[in-house]
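Written out below as structure tokens is the structure these notes cover.
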Amino acid sequence: MKVTVCGAAGGIGQPLSLLLKLNPKITQLSLYDVVNAPGVGADLSHISTPAETSAFVPGDKNDGLAFSLKGSQIVIIPAGVPRKPGMTRDDLFNINAGIVKTLAEGVAEYCPDAFVLVISNPVNSTVPIFASVLKAKGVFNPRKVLGVTTLDIVRANTFISTLTDANVSNINVPVIGGHSGETIVPVFSVGTPSLYAKLDADAKAKLVHRVQFGGDEVVQAKNGAGSATLSMAYAGYKLAERIIEAITGASDVVECTFVYLDESIAGAKEARAKLGGELDFVSLPVKFGAKGVEEIKYQILDQLNDEEKALFEIAKVTLKGNVAKGVSFVEK
Ligand code: NAD
Ligand code: LMR
């Protein structure tokens, strides 16, 4: 099992690589960054776990990206700039779109069959960019190109458990839509119906708002030094770990992720119809198998309560624009 992290020397990349190094199923951990990857690689390589660590920067052995990607089964991408206070995720588009496009070209050439987990923001646009590059190169596999929205689930679980004193380990709130502000739609009514029912309308509205804008809390607290890194490394690792479980034979892997609704995937046609044919990419619960997404669990769209339905209608409008922006970046 070879896993590559692109952006491995960054705020997310380092703790994420540490968590991956601890997974005994990973035999090769490959680190790529435009700076400092060899130092991070040397440091991690002293940890006494099976994963053999290698690290590359551009130009290494003629092409560091090629060496880092070749043979990868999973590529995780936290490469790019983070927000500062006052910025939206969309403000990162101009810089991060180009970074993600370059990495997508690398994946297309060196490991087109890998699972790709895109963390770089704005996820609502960077995943369409990644998919469009692979499509243009004729190697897009919609079952394996995924936007990481797991931090929204992690936050939803944490915030409701704090409010209700419930054991967070038993909570799993689906979060659908996208990964920015009002495109984030936590579905507490399905994930934790009994806890959610205990809250009054004001508490429910504040809880939803906190999940939607949880990223801002961290950006403000870090005060110019970046955005969520440690909680994101945890969230990115959790999704990667579940995918590794699916690759190695687990049959019960269902997680929310941001995917292209390709009609070859079971449930995608139904999801598209329920979304009024308006969205190509969306985060929904999906079932993973060894070869990627096996099924889109569109049924959740019928289970939303009235407030969640209203939130999802708002989410759709912004999400559609974010997706179109990513697609047109590659077309141009
Ligand atoms: P960071 O600046 O600490 O690290 C980014 C790393 O990317 C740096 O080491 C940089 O050298 C590297 N990099 C830049 N261009 C590259 C390229 N072309 N190839 C390889 N590496 C390259 O930033 P961070 O805090 O780790 O955040 C990274 C990204 O993740 C940001 O875009 C941020 O908004 C996003 N993010 C997403 C989520 C999410 O939930 N999906 C959560 C937190 C942060
Ligand atoms: C988050 O949700 O924490 C990330 O998307 C980073 C950010 O910019 O808020």
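Take the range 219-259 and flag every residue that is of a type in the set (Ser, Thr, Tyr), farther than 19 Å from Ala114 by Cβ and in a helix (DSSP H, G or I). First the steps, then the outcome.
Within the range 219-259, the first condition is being of a type in the set (Ser, Thr, Tyr), and the residues that meet it are 227, 229, 231, 234, 237, 248, 251, 257.
Narrowing the set further to residues that are farther than 19 Å from Ala114 by Cβ leaves 227, 229, 231, 234, 251.
Ser231, Tyr234, listed by residue number.
Here are the criteria: (1) under 16 Å from Ser180 (Cβ atoms); (2) surrounded by 17 or more Cβ atoms within 10 Å (Cβ to Cβ). Tell me which single one Asp91 does not satisfy.
Condition not satisfied by Asp91: (2).
Check Asp262 against each of (1) surrounded by fewer than 20 Cβ atoms within 10 Å (Cβ to Cβ); (2) touching a residue at least 60 places away in the same chain (Cβ under 8 Å); (3) in a helix (DSSP H, G or I) and name the one condition it does not meet.
(3)
Suppose the filter is among the hydrophobic types (A, V, I, L, M, F, W, C), in the same structural domain as Pro112 (by TED's automatic domain parsing) and either under 23 Å from the mean Cα position of the chain (by Cα) or more than 16 Å from Ala9 (Cβ to Cβ) (or both); does Leu44 pass it? Steps first, please.
On the way: among the hydrophobic types (A, V, I, L, M, F, W, C): yes; in the same structural domain as Pro112 (by TED's automatic domain parsing): yes; either under 23 Å from the mean Cα position of the chain (by Cα) or more than 16 Å from Ala9 (Cβ to Cβ) (or both): no.
Here the answer is no, as Leu44 does not meet what is asked.
Could you say which residue among Asp216, Asp202, Asp152, Asp165 is on the phi > 0 side of the Ramachandran plot and of a type in the set (Asp, Glu)? I'd like the intermediate steps shown before the answer.
Details: Asp216 fails: on the phi > 0 side of the Ramachandran plot; Asp202 fails: on the phi > 0 side of the Ramachandran plot; Asp152 fails: on the phi > 0 side of the Ramachandran plot.
Result of the check over Asp216, Asp202, Asp152, Asp165: Asp165.
Tell me the residue from Ala203, Ala233, Ala246 that is among the aliphatic types (A, V, I, L, M), under 16 Å from the mean Cα position of the chain (by Cα), more than 26 Å from Lys320 (Cβ to Cβ) and in the same structural domain as Ala315 (by TED's automatic domain parsing), please.
Ala233
What are the residues in the range 61-85 that are crowded, with 24+ Cβ neighbours inside 10 Å and either assigned to a helix (DSSP H, G or I) or free of Cβ contacts under 8 Å to residues at least 40 places away in the same chain (or both), if any?
Ser68, Leu69
Is it the case, given these coordinates, that Val219 is under 26 Å from Ile12 (Cβ atoms) and within 16 Å of ligand 1 (Cβ to nearest atom)? Please lay out each step first, then the result.
Details: under 26 Å from Ile12 (Cβ atoms): yes; within 16 Å of ligand 1 (Cβ to nearest atom): yes.
Here the answer is yes, as Val219 does meet what is asked.
Given the range 100-183, what strands (runs of 3 or more DSSP E) lie entirely inside it while holding 3 or more residues that are charged (D, E, K, R), surrounded by fewer than 19 Cβ atoms within 10 Å (Cβ to Cβ) and touching a residue at least 12 places away in the same chain (Cβ under 8 Å)? So that I can check it myself, show each step before the final result.
Working: elements: 115-118, 145-147, 175-177.
Of the strands (runs of 3 or more DSSP E) lying wholly inside the range 100-183, none has at least 3 residues that are charged (D, E, K, R), surrounded by fewer than 19 Cβ atoms within 10 Å (Cβ to Cβ) and touching a residue at least 12 places away in the same chain (Cβ under 8 Å).
Table: residues versus (1) surrounded by 18 or more Cβ atoms within 10 Å (Cβ to Cβ); (2) touching a helix residue (DSSP H, G or I) at 6+ places or on another chain (Cβ under 7 Å); (3) at pLDDT 95 or above; (4) within 30 Å of Met1 (Cα to Cα).
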| residue | (1), (2), (3), (4) |
| --- | --- |
| Arg210 | yes, yes, yes, no |
| Ala225 | no, no, yes, no |
| Ala250 | no, no, yes, yes |
| Val286 | yes, no, yes, yes |
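Would you check which residues across the range 86-99 are within 14 Å of ligand 2 (Cβ to nearest atom), in a helix (DSSP H, G or I) and not hydrophobic (A, V, I, L, M, F, W, C) and list them?
Residues of the range 86-99 that are within 14 Å of ligand 2 (Cβ to nearest atom), as a first pass: 86-93, 95-96.
Among the residues that remain, those that are also in a helix (DSSP H, G or I) are: 89-93, 95-96.
Passing the criteria: Arg89, Asp90, Asp91, Asn96.
Within the range 142-154, work out how many residues are more than 16 Å from Thr126 (Cα to Cα) and more than 16 Å from ligand 2 (Cβ to nearest atom).
Number of matching residues: 1.
Can you name every residue in the range 310-320 that is surrounded by 13 or more Cβ atoms within 10 Å (Cβ to Cβ) and more than 18 Å from Ala268 (Cα to Cα)? So that I can check it myself, show each step before the final result.
Narrowing the range 310-320 to residues surrounded by 13 or more Cβ atoms within 10 Å (Cβ to Cβ): 311-312, 314-316, 318-320.
Of everything in the range 310-320, those that are surrounded by 13 or more Cβ atoms within 10 Å (Cβ to Cβ) and more than 18 Å from Ala268 (Cα to Cα) turn out to be Leu311, Ile314, Ala315, Thr318.
The values are calculated or read from the model by the stated rules, or taken from the named source; none is laboratory data. It should be emphasised that the depicted structure is a prediction, and the values quoted were computed from it without experimental measurement. All Cβ positions, glycine included, derive from the backbone under ideal geometry; neighbour counts span all protein chains shown.
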